[in-house]
Every structure is written in structure tokens, then in C-alpha cells.
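The values are calculated or read from the model by the stated rules, or taken from the named source; none is laboratory data. Bear in mind that the values here come from a model prediction, so they are computed numbers and not experimental data. Cβ coordinates were reconstructed from backbone atoms using ideal geometry, including for glycine residues, and neighbour counts include every protein chain displayed. Keep in mind that these areas ignore ligands, DNA and RNA; they rest on the heavy atoms of the full protein, side chains included. Shrake-Rupley method; radii C 1.70, N 1.55, O 1.52, S 1.80 Å.
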Amino acid sequence: MAEETRSPVLEFEDVSLSFEGPPVLDHVSFTVNEGESCVIFGTAGSGKTVLLKTALGLLKPDSGRVRVFGQDITDMREEELFDVRSRIGMLFQEGALFDSLTIEENVAYPLLNQKSIHSTPDEARRRVEEVLRFVELEHTLEKFPSELSGGMRRRVGIARAIATRPPLVLYDSPTAGLDPITANTIVAVIIKQRDVSNVTSLMVTHRYQDGRLVADFRFDPATGGLRPSPNGTGPGTRTRFMVLKEGSLVFRGSQKELEASTDPYISRFVARRA
Amino acid sequence: MLDFLKRPVLEVQQFYLLFGAALKNVFRRPHYADDIFIQMDIIGVGSLPIVILTGFFTGAVMALQMARALSQYGQVGRTGMVVSIAVVRELGPVLTALMVAGRNSSGMASELGSMKVTEQIDAMRALGTDPIQKLVTPRMIATCTVLPLLTIIADFVGIFGGFIIAYYLLNLTPTEYWSSAWRALEWNDVAQGLLKPFVFAFAVSLVGCYYGLRTTGGTQGVGRSTTQAVVVASVMIFFLTFFLTKIFTKLATP
Ligand SMILES: Nc1ncnc2c1ncn2[C@@H]1O[C@H](COP(=O)(O)OP(=O)(O)OP(=O)(O)O)[C@@H](O)[C@H]1O
Ligand SMILES: [Mg+2]
């Protein structure tokens, strides 16, 4: 059972997808193993959101296979997919909080509605408080999403994504449209979540800064903050980088390889480092 | 030429798929009873004032118009009969459905459309609920329950509106008016008067939900879906009432 610790959690095999016009995903293949953090860079419209939605089975590829936790989800019917999705958390790009529900109801939504979870209302309430404390928003239970700031909404989105303790979490542009300080607190929450629960994660972003934080920092339970740790030395965490360009994966590798790349498109993301 | 036809055919097919899925969910768990009651409140209680207002004036205007025509034959006493037949068979169901389409088809299209463009529909699927089960089926059940009830209210208020005109302006006695209004109605009239709103309810709710769920293109797209929903729902109401009337006139004269 030794391989099981490094078993693939998410696999794309030659996945292509197009709406009308040119392909949005063009023969994309990659594997994310258990415990890895994967950071995906790409310009606007390069297909990052589509890639994450395909991983969740919200969009169907035209060709190729998608496997999650070793299960082939490519041809699954919607009802079968619910079981797989209950083990994946997703932060949508704009948060996608239900604006007719309070923050508490939003975060409780997966706990009460995922068929394989079956929380009682009491359990759900306790978990909601716990997870909102985790993102430091425990005082907003009764508020509606429209009453929160952009950064707060993003953190509620994270809380909702991780409420069911999924072993795989997908973050779609968690820092887009936020000021650098708020963006860093969001990434800190993501790193904390990774190191506390040891989950596999995929993060899409425009900012190289975010990827560097994820690769170089770890959550320090003693201080409750982040502390530097060189890539790959932390227990069980490894950060991989990928770059998407117009639907094609043009780079896959480690931080060192990314920083050494001379490709003008790829180095655009690295050059932004502060 | 074929490409030109492909789009509408595809849309009709998608609409029927939504219809089928929404119907199938009626018999499948989980049922979202809370959502059904909330929608009944929004559609039923919310539309009551406008439905009463339209019903009243429809009946009153019918009485005014018909009395003039009937007086040429010396038959003003039959105003009640004409008003009740026109209102129960046709005007009550159609005008009520049009009002509800204007209020609620548009409301559903814009609500579901905003949810679509802000990825809330995707989030719903990601978090373990079927958007058709959670959003469309409750709206359909609520509309099918409430629209016939609203129509009955509109019918009564309409006949009452006719009575106000008949009593105050045409100098008919209450007995004259009400007995002729009551006697005019046959089972056939009542049956089509109740079946029509039930059928319209599917059009009103499903068209609203359909255009909402296929919204693309941001807030502008939401506006477009809303307008389209009202237009298509209204046109469908006229088509349906034409065919239903045809069927019922066939039944009445074997
Ligand atoms: N539902 C859809 N219908 C048609 N085209 C779509 C749809 N969703 C995405 N696209 C197209 O796919 C391409 C990739 O979109 P995607 O949302 O994945 O970009 P992105 O990399 O997430 O960009 P951003 O950084 O701005 O979020 C775009 O050209 C977009 O127009
Ligand atoms: Mg995106």
C-alpha cells in the first residue's frame, strides 16, 4: 500500500473542449498527486475556469478522459457525479455565494445538501461556526453576502468550499480583483487550510506572488501565522506549477524550472515577482 | 437553410428536455417544500392585487360594451350571461395568465439569469443539488397550484364588476343579473375555465425558468432573457388558449 500515499487525485488525459470557435482546452494532460499543491497561471481567457469546471464535471470534455480519485468521471451522469463532487471543494471566481441566503446558510449548504454528507442541523451549525472562525469571519453568521466586502466574500467562499472537509480543493482566482494586502490574507488562509488538513489543492491565479507564497511558506501552528520554508521540504507538501496559454498547457514543473524558463509568455508571470 | 432552422429546433428540444426533467422531479426526492411555499407566496399573494384589478375592470368593460350591443335587440337583461361566459371561458384565464407572466415569468428569468451569470447555478451543482429540482420544479408546482386559484378569483371579481355596471348603470336587478350569469355556465365552461390556467401555468413557469437558465453574457444577458421570457410566455398563452378553445368547442358540439 506504499503507492497509495502518492496516488493521483486528479488526472486529465488529453482533454479537449470547445464551445463555438477555437478550442478552449487543447489536448490538456496533467496529473495532480495526493498532497500536492498545484498552481496554474494563465492570462485572462486562457481557459483556467473552464479547466476547473471540467475537473468538477460541470463541463463535459469533447474528447479525452478526466479521472478524480481514480474514478473516470468523463461519462458519468449528473446523479453519479454528486458523489464525486461531495469530495471536492470549489471556490468560484466571484465567490458564487447564494445571495438569497445568509452567510450561515451559505456555508451550511454543502453540509445539508451533499447526499453523502448528511449532517444534522446541529452538526452543521457547529461546523459552520468552526469553519468561519478558521477564515476569521465568525461574526458574520446572520449577514447576507451583499453586506460583505469583496475580500470577506472570498473568504466565505473558501469556508463553504472546505466545510465538508474535502480531500481536494479547487481555488479559482482567489485573489483576483483584491488589493495586495487582502490578497495575501486570502493566500494565507489557503496555505493554512492546506497545512492543517493536508489536502490536495489546485489554485488558479494571475499573480506570481500567490504561487510563490504557496510554494515557499508554511502555516505555523505555534504563531498562527506563516513562516518561510523552502519548496519541497515541508512534510507531505509539494508545489507544482503549470502555465496555460490559449487552452494549451505550455509549462509543467517546479518553481526552479519555472523561474529558469526563457519563454516570453511563461516568464511574464515570473517577472511580476515583487 | 438548414443552419437557419437548427437553432429554433434545438431550442424547442431543450425546452422540452427541461419540461421533462422538471416533471420527473415532481415524483422524485428530495422535495424542497419550503421553496414551493415561498414561490406560492410570491406568485399567488403577490399577484392578487393586480389580478383582482384586471378581473374587475374586464368584467365591467365587458358589461358596458355588451349592454350597448344587446340593447339593439332589446336583450340588456342578458348582460350577466354574456359577461359570465366571456370571463369564465376566456378573459379570466388569459388575462390572469398574462398578468402572472408579466410579473413572474420575468421575475423567474431575471432571478435565475442572475444566478446563472454569477455562477450560482454551477455552485449549486457543485454543492450537491440539481438546479432543476431546487429551482424549476418548485416554481412549476407553485404556479400550477396558484394560477387556477387566481383565475377563480379573477372570474368572480370579473362577474362582480359586470354586476356593478349592470346594477348602477343598466338598472338591472341583482336577481336578473346573477341568475342569468349563473344559468349561462355549463360544465364545459367551468372545465375549460379551470384547465386553461393549469396549462398556462406550465408555460408561465417553464418559459421563465428556461430563459433564466440559458442566460449568458452578464447583466445585459439577464435583461435580454427577462424580455424574451415575457414575450414568449405571452405568445404561448395565446397559442394554447386557441387550441384548447378549439378542443372544447368540438366537445360541446358533437
Ligand atoms: N459557457 C461558455 N460558453 C462559451 N464560451 C465560453 C464559456 N465559458 C468560457 N468560454 C470561453 O472560454 C475561454 C476561456 O474562458 P475561462 O473562463 O476559462 O477563462 P479564464 O482563464 O478563467 O479567464 P479569467 O482569468 O478572466 O477568469 C474564453 O475565451 C471564454 O470566452
Ligand atoms: Mg476565470
Out of all the residues in segment A:90-107, which are open to solvent by 10 Å² or more (accessible area, probe 1.4 Å) and more than 8 Å from chain B (Cβ to nearest Cβ)? A:SER100, A:LEU101, A:THR102, A:GLU104, A:GLU105
Output the residues belonging to segment B:113-130 that are more than 9 Å from chain A (Cβ to nearest Cβ) and open to solvent by less than 10 Å² (accessible area, probe 1.4 Å). B:GLY113
For segment A:67-106, enumerate the residues that are more than 17 Å from the chain's Cα centre (by Cα) and either within 16 Å of ligand 2 (Cβ to nearest atom) or aliphatic (A, V, I, L, M) (or both). A:ILE73, A:MET76, A:LEU81, A:LEU101, A:ILE103
Given the criteria open to solvent by 40 Å² or more (accessible area, probe 1.4 Å), assigned to a helix (DSSP H, G or I) and in contact with a Leu (Cβ under 8 Å, 6 or more places away or on another chain), does B:ARG89 qualify? no
Applying the selection to segment A:154-178, what residues are part of a strand (DSSP E or B) and either of a type in the set (D, E, K, R) or closer than 13 Å to A:VAL135 by Cα (or both)? A:ASP172
Any residue at all in segment A:21-28 that is modelled with pLDDT of 90 or more, under 30 Å from A:SER267 (Cβ atoms), part of a strand (DSSP E or B) and more than 16 Å from ligand 2 (Cβ to nearest atom)? yes
Taking A:HIS206 as meeting all but one of (1) more than 14 Å from every other protein chain (Cβ to nearest Cβ); (2) open to solvent by 10 Å² or more (accessible area, probe 1.4 Å); (3) away from ligand 1 (no atom under 16 Å from the Cβ), write down the number of the exception. (3)
Just a yes or no: is a residue in segment A:179-191 among the charged types (D, E, K, R), more than 16 Å from ligand 1 (Cβ to nearest atom), at pLDDT 85 or above and not in a loop (DSSP other than H, G, I, E, B)? no
Within segment A:155-170, track down each residue that is more than 12 Å from chain B (Cβ to nearest Cβ) and open to solvent by 10 Å² or more (accessible area, probe 1.4 Å). A:ARG155, A:ARG165, A:PRO167
Given the residues B:PHE242, B:PHE200, B:PHE248, which is the only one that is open to solvent by 80 Å² or more (accessible area, probe 1.4 Å) and assigned to a helix (DSSP H, G or I)? B:PHE242
Among the residues of segment A:229-251, is any closer than 30 Å to A:HIS27 by Cα, open to solvent by less than 20 Å² (accessible area, probe 1.4 Å) and in a helix (DSSP H, G or I)? no
Which pairs have Cβ atoms under 8 Å, sit 6 or more apart or on different chains, and link a residue in segment A:48-63 that is within 11 Å of another protein chain (Cβ to nearest Cβ) and without any contact (Cβ under 8 Å) to a residue 60 or more places away in the chain to one that is aliphatic (A, V, I, L, M) and near ligand 2 (Cβ under 9 Å from one of its atoms)? A:LEU59/A:VAL50
Residue under evaluation A:GLU20, criteria (1) open to solvent by 60 Å² or more (accessible area, probe 1.4 Å); (2) in contact (Cβ under 8 Å) with a residue 60 or more places away in the chain; (3) within 16 Å of ligand 1 (Cβ to nearest atom), criterion not met: (2)
Just to be sure, is B:ASP189 surrounded by 13 or more Cβ atoms within 10 Å (Cβ to Cβ) and either of a type in the set (Phe, Trp, Tyr) or farther than 24 Å from B:ILE43 by Cα (or both)? yes
Residues that are among the β-branched types (Val, Ile, Thr) and within 22 Å of A:VAL131 (Cα to Cα), drawn from segment A:205-218: A:VAL214
Could you list, in sequence order, the residues of segment A:30-54 that are away from ligand 2 (no atom under 14 Å from the Cβ) and open to solvent by less than 50 Å² (accessible area, probe 1.4 Å)? A:PHE30, A:VAL32, A:ASN33, A:GLY35, A:GLU36, A:SER37, A:CYS38, A:VAL39
